[in-house]
Each structure stands twice: as structure tokens, then as C-alpha cells.
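Data first, discussion second: the structure below is written as C-alpha cells.
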Amino acid sequence: MRLDLATWGEVEAYLAQSNAPGILVPVGSTEQHGPMGLIGTDALCAEAVARGAGERTGAYVAPTLAYTPAPFNMGFPGTISVSERTFRGLFSDILHALAAQGFLRIYVLNAHGANLAPMQAVAESHTKAQVRIRSWWEFEAVNALRRGYYGEWEGLHATPSEVAITQALYRTVPPGAAAEPPRALGPAELAARAGDKHGTSDQHRAEFPDGRVGAHSALARPEHGFAILDAAITALAADYAAFTG
């Protein structure tokens, strides 16, 4: 159920029907996702998975938080990055507002690596409600599909799995030159760049000029996206039910 399409009276009734009412909060980004990836990919993925789980569990889903830190991608047109300080403040205010109105279980569904550290820091200092933060790709059923479809070419950014979800939901962009695979990343570099540690925007664009970070986006297919999306929704619905039950 979408919070933005509800009335305050409906939300009040929802809060009154449970001793520990919950809500899903999707969080993404607005940044480049390579030659084939839509700029809103992270926000669109988080939103689709959260709304799907909300429909299955009867939970409210908050409006998607799409303006988050992505300074390393500011060298690519269309990226909108906010400072970590701004993001932490906004995220904290959102948690406090929800908790103050009675949402005692806040499940944050993430879709952008750079969000994790600041959100976890805020959540650890929050005492009015229980907060759980998960990224949609963390669930084992989702990872099994990612490994099966793409193997080492899943990479870190502009991944074929997230591109496949947007293909299933919105449109497929022809790969053009991205039909050729990017530079592969070894295990050490994958670990070093985890959490979107990509340096400055100039360094990042110089090193990854088309925006892909070890990810062969052209392997994405809409049918993969539907399967990945269903697996993510199913896993999230189960985890949300356990969290709020």
C-alpha cells in the first residue's frame, strides 16, 4: 500500500490495528548507470521491490528517497548527488517522523551502496523504533539468480541485474558499444570498491569512461528482470513479516 496515496485517517487506522506497526522505506539514488542503465535505476529498483512486498504483506510503503550521495558519478550528466551530511540529516528526520507517528518497525530497502554507511550510523543512534536496513540484492535467492545469469560479469555498478529489472518494468536501451564487456574486476578490487568507494568524479570517469564498473550490462534481459524482481519481492515480504511479526 502506498503511503502517498493514503489519507491520514487510513494511516491512523493502520497504526491502531497492530502493537508494532511497520512501514517499508525504499532508498535509491539519481545517478548514471552506464550506457544502458536509466539514471533512476537504483530508486526504481528499490521502489518496485518495496511496493511488491507491500502488496503481499499489506504494509505501507513510503515515498522513495532518491536524492542520496553519489559524488563519484558527478562527472556523468544527469547525476544528482547530495552531501553525506545532508543525506544523514534527511534520513534521520524521516525515521524520527515515522517513529513519532507510531511506526515502530521501519524496514529500509536500499539500492545504492554509498547509502549504507550513513544510514547504518543514523539507525544505530535511533531509539524510538526498530530499524532494519537491507539491500535488495542481499537475499540469497536473488544472489543465486545473479550468479546464474551473469557470474563474474555482475560487477559493481550498472550491473546487469539492476538493468534487467528496469528493462522488465520500463524499457530496454540498445547496448551500442556496451555490447563489448568492460574491464573485469578481480576479487581484491571488488572488495576495495565495495560501498561505492570510487574516488573523485574526475578519477572515476577517467577510469570507467562509460560508467560501468566491472559490469557487463548488455547481458541483461527483461525476462531476467522479472525473475529477479519476483525473487526479491518474495524474500523481502518474508523478511518484513518476520521483522514485524
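Exactly one residue among Thr200, Thr166 is of a type in the set (S, T, N, Q) and within 16 Å of the chain's Cα centre (by Cα), and that residue is Thr166. For the stretch 208-226, the count of residues that are closer than 15 Å to Met36 by Cβ, surrounded by 12 or more Cβ atoms within 10 Å (Cβ to Cβ) and acidic (Asp, Glu) is at least one.
Being among the aromatic types (Phe, Trp, Tyr), over 16 Å from the mean Cα position of the chain (by Cα) and farther than 21 Å from Pro26 by Cα is a condition met by at least one residue of the stretch 134-152. Which numbered condition trips up Phe72, out of (1) touching a Pro at 6+ places or on another chain (Cβ under 7 Å); (2) closer than 30 Å to Gly199 by Cβ? Condition not satisfied by Phe72: (1).
Here's the yes/no breakdown for (1) assigned to a helix (DSSP H, G or I); (2) surrounded by 20 or more Cβ atoms within 10 Å (Cβ to Cβ); (3) not acidic (Asp, Glu):
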site: Asn19; (1), (2), (3): no, no, yes
site: Leu24; (1), (2), (3): no, yes, yes
site: Ser29; (1), (2), (3): no, yes, yes
site: Cys45; (1), (2), (3): yes, yes, yes
site: Thr79; (1), (2), (3): no, no, yes
site: Leu90; (1), (2), (3): yes, no, yes
site: Ala97; (1), (2), (3): yes, no, yes
site: Tyr107; (1), (2), (3): no, yes, yes
site: Leu116; (1), (2), (3): yes, no, yes
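If you go through the stretch 209-218 one residue at a time, do you hit one that is within 24 Å of Glu47 (Cα to Cα) and assigned to a helix (DSSP H, G or I)? So that I can check it myself, show each step before the final result.
Start the filter on the stretch 209-218 by keeping residues that are within 24 Å of Glu47 (Cα to Cα), which leaves 211-213, 215-218.
After this cut, where a residue has to be assigned to a helix (DSSP H, G or I) as well, the list is 217-218.
Yes, there is a match, as at least one residue in the stretch 209-218 is within 24 Å of Glu47 (Cα to Cα) and assigned to a helix (DSSP H, G or I).
The C-beta contact set for the stretch 47-59 (first residue open to solvent by less than 50 Å² (accessible area, probe 1.4 Å), second residue of a type in the set (Val, Ile, Thr), distance under 6 angstrom, 6+ apart or interchain) comprises Glu47/Thr64; Val49/Ile233; Ala50/Val61; Gly52/Ile233; Ala53/Ile233; Gly54/Val61. Considering the stretch 129-206, the qualifying helices (runs of 4 or more DSSP H), each wholly inside and each with 2 or more residues that are crowded, with 16+ Cβ neighbours inside 10 Å and touching a residue at least 40 places away in the same chain (Cβ under 8 Å), run over 140-150, 160-169.
The values are calculated or read from the model by the stated rules, or taken from the named source; none is laboratory data. Because the structure is a prediction, the values reported are computed rather than measured. Note that each Cβ is placed from the backbone with ideal geometry, even for glycine, and that neighbours are counted across all protein chains shown. Calculation scope for accessible area: heavy atoms of the full protein, side chains included, ligands and nucleic acids excluded. Shrake-Rupley method; radii C 1.70, N 1.55, O 1.52, S 1.80 Å.
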